[in-house]
1. Got at least one residue in the stretch 69-82 being under 20 Å from the mean Cα position of the chain (by Cα), in the same structural domain as residue 124 (by TED's automatic domain parsing) and without any contact (Cβ under 8 Å) to a residue 12 or more places away in the chain?
2. Could you go through the stretch 90-112 and let me know if any residue there is more than 15 Å from the chain's Cα centre (by Cα), in a helix (DSSP H, G or I), without any contact (Cβ under 8 Å) to a residue 12 or more places away in the chain and surrounded by fewer than 15 Cβ atoms within 10 Å (Cβ to Cβ).
3. Look at residue 186 and say whether it is over 40 Å from the mean Cα position of the chain (by Cα), farther than 24 Å from residue 57 by Cα and outside any helix (DSSP H, G or I).
4. Would you tally the residues in the stretch 145-187 being loosely packed, with under 12 Cβ neighbours inside 10 Å and closer than 30 Å to residue 76 by Cβ?
5. Taking the condition of being over 30 Å from residue 208 (Cα atoms), without any contact (Cβ under 8 Å) to a residue 12 or more places away in the chain and part of a helix (DSSP H, G or I), how many residues in the stretch 120-175 meet it?
């Protein structure tokens, strides 16, 4: 709507005389440029507003990544948790939470929700708005879907076929004239079919639950732990990392030296003792050396 503003302004300006045409054109051009720049700024701060139609039988999964100042992550995470609690446990439940402090500028956190599918997408958009109000930004947005309705239908058809097979076997077992070995074999087949039916029913129930509740995950990060954001390192950061590497190298060398010095001293002591004791041991074993005769 905002992009159409310059064209609406052109209508009254076109009715003016030629003297006002040049001034109106300059004004309209300036307004067009301002609107375009404003739209570009808004587009850079927001993710693409791609609508996902709630299709019957499709289970959606929403994931968002937020970059925030380190000191505001805990507060925004708490605001998101409170927004879920206000909806009630029937519409929103918190199923997971993480908060990890690495240093003053690097923090990562996470919240997992299970939401009513009808409000899941709007909940994600509201969560992104809270992040922007806290001077953060949305850096990742992913929506995936699984057609579980087709899987449920296929499982239902398979279960119908198994039910027919089970009824046929049970009818044979109810009849007379079966030998013991044949009856035992039919009973084994019936038991195997019952187990397959139970497995299909469990799978269908799991699929129905995925349709009833939609997973939504919020990932938060700051500094080097911000999700999905690759910031080009500055010269200052590069020098700081180089200094950290030098300090870490000296620390490693010092640790190795402290570890090896006692063993080196022990080996040197054993060597000196060996040099001192070896001649005495040799004289003790071989006896005194014979006197030299002239």
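The values are calculated or read from the model by the stated rules, or taken from the named source; none is laboratory data. Keep in mind that what you see is a predicted model, and the values were worked out from it rather than measured. As a convention, Cβ positions derive from the backbone with ideal geometry for all residues, glycine included, and neighbour counts pool all protein chains shown.
1. yes
2. No: the stretch 90-112 contains no residue that is more than 15 Å from the chain's Cα centre (by Cα), in a helix (DSSP H, G or I), without any contact (Cβ under 8 Å) to a residue 12 or more places away in the chain and surrounded by fewer than 15 Cβ atoms within 10 Å (Cβ to Cβ).
3. So residue 186 fails the test.
4. 0
5. 4
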